[in-house]
Amino acid sequence: MKRQFLIGIMTLCLAFLLCLPAVAATDMSDISGHWAEVYIEKWISAGLITGYPDGQFKPDNSITRAEMVTLVNRAFNIPNSNSTSSFSDVKPSDWFYDEVMAGQKAGYISGYTDGTFKPNKPISRQEAAFLISKLLGLEPGNASILDSYSDQHRIGEWAKTGVNAVTTHGIMAGFPDKTFGPLKNITRAETVVALDKALAYKHKSEKISGIKGIVKLGNQPVKGASVRV
């Protein structure tokens, strides 16, 4: 009973943090000199993520599956959904209910084989990679990309295309020791950086897809010609 009470309090605290108004990046005492400082400052300034009441951002803390979905929906303007939850552990009374429903409707999240979503479980790097690849509709590159990771054998079969895709498109990368760390929990800092790069990829793709015109050769239109940008 005590453990359930503590979990409930922690969940309420996380929900509270996500709803707090943006705190100035300069007020965060623990991001100065951090490798992701510029990205974190950018996201805090844009109101996409907040720090903690004690003036810290805690960049190396893990992030839950529900928090990840909330950040994605906020950054990518995913609309709310009126759908009903098919997950046994996502109830209408949960603070993350609408966020999870929106993510499910958008098609970039899914649950586990036992019918749960595990919203309060820290999300792993391979889960984050798979989520981002689904979100952006990324096509995986050459399968040999995974050979650059010494721990590729630890990447789940279901996640390999996702890890391949985010690596190919420069959205996520491995560590200096040439591992990807698929089972490691993705940190708050890593999440901000990956989602920021995912946004940049989306905007770039939209800009390229919006280019229209006529190809001419010798001042004459060339029928059926295509342009590679």
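Please treat every number below as a calculation from the coordinates, not as lab data. These numbers come from a predicted model, not from an experiment. Positions of Cβ are backbone-derived with ideal geometry, glycine not excepted, and every protein chain shown enters the neighbour counts.
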Check: C-alpha center segment 29-61 vs C-alpha center segment 173-210, spacing in Å is 17
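If you take every residue apart from Ala143 with its C-beta less than 13 Å away from the C-beta of Ala143, what net charge results, scoring Lys and Arg +1 and Asp and Glu -1?
Values: positive: Lys160; negative: Glu139, Asp147, Glu157.
Taking every other residue near Ala143 into account, the sum is -2.
Where does segment 59-167 land on the Kirkwood hydrodynamic radius, alpha-carbon pairs, in angstrom?
Values: mean 1/r = 0.0680 Å⁻¹.
This gives a value of 14.7 Å.
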Residues with beta-carbon under 15 Å from that of Tyr201, excluding Tyr201: net charge, scoring Lys, Arg +1 and Asp, Glu -1?
+2
Against the rule of thumb 2.2 N^0.38 Å, how large the Cα Rg of segment 134-192 comes out:
1.05
So, R0 is 30 Å and r is the distance between the beta-carbons of Ser83 and His203; what FRET efficiency does that work out to, to 0.05?
0.60
Taking the highest mean first, how do the peptides 53-66, 161-174 order by number of other beta carbon atoms within 10 angstrom per residue?
161-174, 53-66
Sorting check: for 101-110, 72-81, 122-131, 136-145, which peptide has the highest mean count of neighbouring beta carbons within 10 Å, and how do the rest follow?
122-131, 101-110, 72-81, 136-145
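Counting Lys and Arg as +1 and Asp and Glu as -1, what is the net charge of the other residues whose Cβ lies under 13 Å from the Cβ of Gly47?
Neighbour charge sum, excluding Gly47 itself: +1.
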Among Val38, Thr84, Phe130, whose Cα projects farthest towards the positive end of the dipole of segment 14-169, with charges put on the beta-carbon of Lys, Arg (+1) and Asp, Glu (-1)?
Thr84
